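Asker: This is the structure, below, for whatever I ask next.
Please treat every number below as a calculation from the coordinates, not as lab data. Computed from a predicted model, the values in this text were never measured in an experiment. Backbone-built Cβ (ideal geometry, glycine too); neighbour counts: all protein chains shown.
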């Protein structure tokens, strides 16, 4: 089981992306999370400042009421 | 351990946050603490410490150029002044190690992983650490120290008169929400006494007072959109979690012990909620607050059974509340907010039946921008508040003296 599958609900990532607009930052943020293997992504915040934008990205692994990955055999369930 | 006398000093030009935390922890435990300001010389610290006649002298220092010389000088002065004869010398700081402190001549040293309570334990002669421990305090009384007294008598009189008018106006009125709350309580009472047939009769009357998707579920079994019954495995998960969420609060969060921090949960799924509750309590929260879906305020009536919800808010049913209650450990406050539009009185009833400590009723909530009839909300709110005040939301719902 991948470590990602043991995430309780979501993984937040905050970083500064060099870009020209907030739209570009959101696009880059989604691309970044997809590259990391997160398919269900929210842009929690996006704030332009200087040469780019500070973005907070949330990659959901388990949404409430889903079939939780940590309940699968070998999961992290207590 | 009797009360210790402790001098705490930042033997440093500016850095005093750490020693302030230590000083506060020691004061909280009843010790007599003298906190000196930063930027004193070793001579000045020793001079003031001698006057205070302490049992312990604790100095904090960041390691920089000359630190070893300053600290060694402090120890030498403590020896020559006689301070050392009665007081133990303690060194703390982000770069301090116990071995290093001993080499410099201190009796003990505390490094960056130290918690204030560990230092207090040392002062009290306790061995080991208190990094993790379950809370043993009773549920706090949130109403303690509050009254209905008004500072301004005229405003108080006017508010009291307005409240009386509202009570007189509402007491002779009722609503489907008030009637459902009454039926819920009577059904619960009958079920407890094993009178299933009578309870079923009341349930039919209850269903007649519901509306929308909730009524459709009662009549056809079609779930409210976005909901599904909790399956057996999930229910088992919750029962396995029961009793396992007793918090072991990281020492770094000990500051929360001084405050009553309540964390909202309501992911939609009671299983996910149970984990979130465990995490919140593990980080020092004193309690949790149940949040339910927004449609729970707009539909007449509440569901029955255990439900998972795919969107924000965990469905209020007696069964869901009882499942979540089972994962709370002793000493934890539990609030089920009840200003739920058309279901305020019923939510208060279910919160009481599930053993909640607190509820919350806001009479106008839902009428200003949400479009619900304010008169209806006033009737529901007054009945819910009057009824709730007479029931046990213990132990922190001590009945306050009525202002009227």
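Asker: Averaged over peptide B:260-271, how many Cβ atoms belonging to another chain are found within 10 Å of each residue's Cβ?
Answerer: Per-residue shielding by partner chains comes out at 2.
Asker: In Å and from the alpha-carbon atoms only, list the Rg and Dmax of chain B.
Answerer: For chain B, the Cα-based Rg and Dmax read 29.0, 89 Å.
Asker: So, one more: Compute the Rg to Rh ratio over the protein assembly as shown from the alpha carbon atoms, using the Kirkwood formula for Rh, and round to two decimal places.
Answerer: Reported Rg/Rh, Kirkwood definition of Rh: 1.08.
Asker: May I have the extent of the alpha carbons of the range B:285-362 along their three principal axes, as whole Å values ordered from largest to smallest?
Answerer: 34, 27, 21
Asker: To continue, here is another question. Compute the acute angle (0 to 90°) between the alpha-carbon long axis of helix B:153-171 and the principal axis of greatest extent of the alpha-carbon atoms of chain B; round to the nearest 10°.
Answerer: 30 degrees
Asker: For the range B:190-343, compute Rg over Rh where Rg is the Cα radius of gyration and Rh is the Kirkwood radius from the inverse mean 1/r over Cα pairs.
Answerer: Ratio of gyration radius to Kirkwood radius for the range B:190-343: 1.02.
Asker: If you take every DSSP beta bridge fully contained in chain B, what fraction is antiparallel? Give it as a percent rounded to 5.
Answerer: Taking every DSSP beta bridge with both residues in chain B, the antiparallel ones total about 10 percent.
Asker: Project the alpha carbons of chain A onto their principal axes and report the range along each, largest first, in whole Å.
Answerer: That gives 47, 20, 17 Å along the principal axes, largest extent first.
Asker: Rounded to the nearest 10 degrees, what's the angle between the helix A:22-35 long axis and the longest principal axis of chain A, both from Cα atoms, 0 to 90?
Answerer: Between the helix axis and the principal axis of chain A, the angle is about 30 degrees.
Asker: Can you compute the helix-only [θ] at 222 nm over chain A? Use -39500 (n - 2.57) per DSSP H run of at least 4 residues, normalise by all residues, nearest 500 deg cm²/dmol.
Answerer: Using -39500 (n - 2.57) per qualifying helix, the result is -6000 deg cm²/dmol.
Asker: For the range B:5-123, which semi-axes, largest first and in whole Å, follow from the square roots of 5 times the eigenvalues of its Cα gyration tensor?
Answerer: Square roots of five times the eigenvalues give 18, 17, 13 Å.
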